[in-house]
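What follows is a short report on a single structure.
The values are calculated or read from the model by the stated rules, or taken from the named source; none is laboratory data. Fair warning: this is a prediction, and the values are worked out from it, not measured in the lab. Ligands, DNA and RNA are stripped out before the accessible areas are found, and what is left, the full protein with its side chains, is counted by its heavy atoms. Shrake-Rupley method; radii C 1.70, N 1.55, O 1.52, S 1.80 Å.
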Amino acid sequence: MRVYVPLTLPGLAEAYKTGDLGAGLVAYAVTPALREWYLSEDIEELEYAALNRAAVASLRLLAADPGARRRRVVVAVDVPDKTAVADPDRGLDPSALGEVRVSGSVRLATAAAVHVDADDAEADVAAAAGALEAADGGDDDAQFVVDGAEDHELLWYATQEIPNLVDLPD
């Protein structure tokens, strides 16, 4: 199963240094609830929806870490189906659509790709991270700002490019 793990650039740098994304991760995948919400049978569209759900979770991580560079980061990883489980009690909770918990440790070496905002998205992502709390509280203007970050497509990077993304030596 392909899962999308939300991170920040410092989180990606740490995963690169340790070789591990962690254990008991919250990630996003094509779940039955996501299929029902998205109303598509096209697996590529569904995976894109799961990727975007992870990008929102990455934005939440950025909101909690004011020192992190304002670029959303999502790592695509293939894990055994049995290790990624959706919480049935949160199946139709809009904030949990596509959310899964991945049991066991996930090695960065198993990543298929990394998705990161381009440099030109930083201002919109910074504004969205700052507006997230108000948007969660129902502020329509703040939601508009948050939606502005979603207008930026995450770029695809091979895992070999991670050192360049996090400014680490090879």
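Just a few scattered comments:
- The stretch 49-170 - percent of accessible surface contributed by carbon and sulfur, probe 1.4 Å: 52
- With the convex hull drawn around the C-alpha atoms of the stretch 68-116, the volume per residue stands at 117 Å³.
- Put simply, the C-alpha atoms of the chain give a gyration tensor, and the ellipsoid matching it has half-axes of 22, 22, 14 Å, longest first.
- Taking every protein chain into account, the accessible area of the chain amounts to 52 square angstrom per residue (probe 1.4 Å).
- Computed from phi, the 3J(HN,Hα) profile of the stretch 71-83 under the Karplus parametrisation 6.51, -1.76, 1.60 (θ = phi - 60°) reads 9, 6, 9, 9, 9, 8, 9, 9, 10, x, 3, 5, 8 Hz, with x in place of Gly and Pro.
- Taking every DSSP bridge with both residues inside the chain, close to 100 percent are antiparallel.
- The H on the amide N of residue 31, modeled in the peptide plane, is under 5 Å from the matching H of 98, each at least 5 residues off or on a different chain.
- Its residues counted as N, the stretch 1-69 yields a C-alpha radius of gyration over 2.2 N^0.38 Å of 1.23.
- Close amide H contacts of residue 22 (hydrogens built in the peptide plane, cut-off under 5 Å, sequence separation of 5 or more or a different chain): 106.
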